[in-house]
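Trainee: Have a look at this one before I ask anything.
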Amino acid sequence: MRLQLALNVRDIDEAVDYYGKLFDAAPHKRRAGYANFAIDEPPLKLVLFENPGAAERVNHLGVEVFEEARVREAGHRLEAAGILSEVEEETVCCHATQTKVWSDEPQGLRWEWYRVTDDTPDGEALIAPSATAPMAAATAPSADACSDESGTCCA
């Protein structure tokens, strides 16, 4: 299990450069306007959305789990507590197929518990970064890259 922090950023290349240096890590996945880092230490999935006009820097928070049962357990727990907002089964979001449950906290911040079931459902190969240039986006984001225009979703 690892926490997810999804941020809206002004410039994706600038953000990838900074966070790569901050965590001494290369992006796990990079597409036009999107990047994610799967960091082992500290256990963090850092997701970046290029969204220069966003009113908030935090897009959403999440908990990535690696077993289907953990998503189901979280869903049952949130439902019993009366704070389950949404369930998504095998949805394509941010260039990955995921099963997830959502909860909206009282001030509107969205939390997701999710499991990636297919990390490249569109068959896109990741492009390795060159030594002198930022990692290039393989393609423009597809219409189903995220669940809505705010970019709230992604793994």
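Trainee: Compute the distance from the alpha-carbon center of the range 3-31 to that of the range 62-88, in whole Å.
Mentor: The range 3-31 and the range 62-88 have Cα centres separated by 26 Å.
Trainee: Stretch residue 17-residue 120 to full length: gain in nm at 0.36 nm per residue minus the Cα-Cα span? Could you put the intermediate results ahead of the total?
Mentor: Numbers: separation 103, 0.36 × 103 = 37.08 nm, distance 2.31 nm.
Result for the pair: 34.8 nm of gain on full extension.
Computed from the coordinates by the stated procedures, all read-outs in this text should not be read as laboratory data. Being a predicted model, the structure only gives us computed values, none of them experimental.
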